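Undergrad: Please see the structure below; I have some questions.
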Amino acid sequence: MHFDDLNLIPPLLSAVRDMSYDQPTPIQRETIPPVLAGRDVLGCAQTGTGKTAAFALPILQRLSQERKQHAGRRTIRALILTPTRELALQVARELTRMAKYMTGLRILPIYGGQPIETQLRFLRQGAHVIVGTPGRVIDHINRGTIDLTTISYAVLDEADEMLDMGFRDDIQTILEHTPETRQTLLFSATMPRPILMLAQRYQNQPQYIKVQATELTVDTIEQVYVEVMPGQKTMALSRILDMYDPALTLVFVNTKIGAEEVVTYLQKQGYPASALHGDMCQVERDSI
Ligand code: AMP
């Protein structure tokens, strides 16, 4: 199957071509038609499956087709919620690339850490699509600087992550500020009960779509694992760094404190290492 078979409009097909996407991924093949037809979708899909384009392309298409009704007005038409600032930025960037040939469509990322004055200025200028983290969106709702009563599309991206981060009440408050007639898309890597309850409460007979992450690995990456005692992990890490002498290394740690501990250890050993986590200020995060 090709993107041409999905009834997408020429400006989107051209953008997809520019992005060098050859064929739609399974989640895109299954999600684009029902969203274009106006249905709610409950998608069980992980990062890497192409889920961003799966919701972004049909929403952009529907926005483009509705533009005549809303001509000249810069009211918010779509809201995409993501768990982290980085993901909000990444999704906003991807949408901007896809909307490259749709003139006049404004896509705005809204996230904590960015100066509120800058955001207020952008919001005053108007936007059609907001990609935001729940905390900052709530902040704008409370300040009265965002009006979500005009939206037709709401997306919860990585919903399980948002719930794990304690955003459940915020998500519910945000959705309560949107019209019930909206089309709601919910994506989550896992489908525990709280996600299903969210779907039941805020979705209208959603089409359930599940894609298996068949390829978790790619051939160009060699994977190796090493068994060590918990207390020896950092020491093993520095040995591995010495052995392979890589130009750049990304180390994933499961807690913020753990990240700081690894960085402190590596710095003491003379490696130029930096931490990156949510307790750091945005300027620092961006520069790292
Ligand atoms: P996502 O799951 O949305 O985070 O996407 C994972 C990656 O796959 C991103 O880098 C996308 O740019 C890329 N991608 C999405 N759809 C396609 C496609 N149809 N063909 C090739 N790459 C894609």
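Undergrad: I'm trying to understand the selection: among the residues of segment 240-262, which are within 27 Å of the chain's Cα centre (by Cα) and not polar (S, T, N, Q)?
TA: The answer is Leu248, Leu250, Val251, Phe252, Val253, Lys256, Ile257, Gly258, Ala259, Glu260.
Undergrad: Additional query: Which members of segment 249-283 meet the condition of being in a helix (DSSP H, G or I) and touching a Gly at 6+ places or on another chain (Cβ under 9 Å)?
TA: Matches in segment 249-283: Lys256, Gln282, Val283.
Undergrad: Consider only pairs whose beta carbons are under 7 Å apart and that are at least six residues apart or on different chains; among these, list those whose first residue lies in segment 73-97 and is under 25 Å from Gly278 (Cα atoms) and touching a residue at least 60 places away in the same chain (Cβ under 8 Å) and whose second residue is within 13 Å of the ligand (Cβ to nearest atom) and among the hydroxyl-bearing types (Ser, Thr, Tyr).
TA: Sorted first by the residue in segment 73-97, then by its partner, the pairs are Val91/Thr52; Val91/Thr82.
Undergrad: Which pairs turn up if I take residues in segment 237-255 that are at pLDDT 90 or above and look for partners that are assigned to a loop (DSSP other than H, G, I, E, B) and surrounded by 10 or more Cβ atoms within 10 Å (Cβ to Cβ) with beta carbon separation below 6 Å, at least 6 apart in sequence or on another chain?
TA: Ser238/Gln269
Undergrad: Now for a different question. So which residues in segment 21-44 are among the small types (Gly, Ala, Ser) and crowded, with 24+ Cβ neighbours inside 10 Å, if there are any at all?
TA: Gly43 - this is the single residue of segment 21-44 that is among the small types (Gly, Ala, Ser) and crowded, with 24+ Cβ neighbours inside 10 Å.
Undergrad: Checking the conditions here, which among Leu13, Leu8 is within 16 Å of the ligand (Cβ to nearest atom) and free of Cβ contacts under 8 Å to residues at least 12 places away in the same chain?
TA: Within the list Leu13, Leu8, the selection yields Leu13.
Undergrad: In segment 16-73, what residues are among the small types (Gly, Ala, Ser), modelled with pLDDT under 90 and within 14 Å of the ligand (Cβ to nearest atom)?
TA: Gly48
Undergrad: Next question. Among the numbered conditions (1) under 17 Å from the mean Cα position of the chain (by Cα); (2) assigned to a helix (DSSP H, G or I), tell me where Val131 comes up short.
TA: Val131 satisfies all of (1) under 17 Å from the mean Cα position of the chain (by Cα); (2) assigned to a helix (DSSP H, G or I) except (2).
Undergrad: Evaluate the following for Arg121: is it closer than 26 Å to Asp139 by Cβ and either among the polar types (S, T, N, Q) or surrounded by fewer than 19 Cβ atoms within 10 Å (Cβ to Cβ) (or both)?
TA: yes
Undergrad: When Gln114 is evaluated against the numbered criteria (1) in contact with a Phe, Trp or Tyr (Cβ under 8 Å, 6 or more places away or on another chain); (2) under 19 Å from Met165 (Cβ atoms), which criterion, by number, is the only one it fails?
TA: All conditions pass for Gln114, except number (1).
Undergrad: If you check Gln232, Gln205, Gln183, Gln200, which single one turns out to be under 21 Å from Ile32 (Cα atoms), at pLDDT 90 or above, more than 19 Å from the chain's Cα centre (by Cα) and of a type outside the set (Gly, Ala, Ser)?
TA: Residue meeting the stated conditions: Gln205.
The values are calculated or read from the model by the stated rules, or taken from the named source; none is laboratory data. The structure presented is a predicted model; accordingly, all values stated were derived computationally and were not measured. Ideal geometry is used to build each Cβ from the backbone, glycine not excepted, and the neighbour counts take in all protein chains shown.
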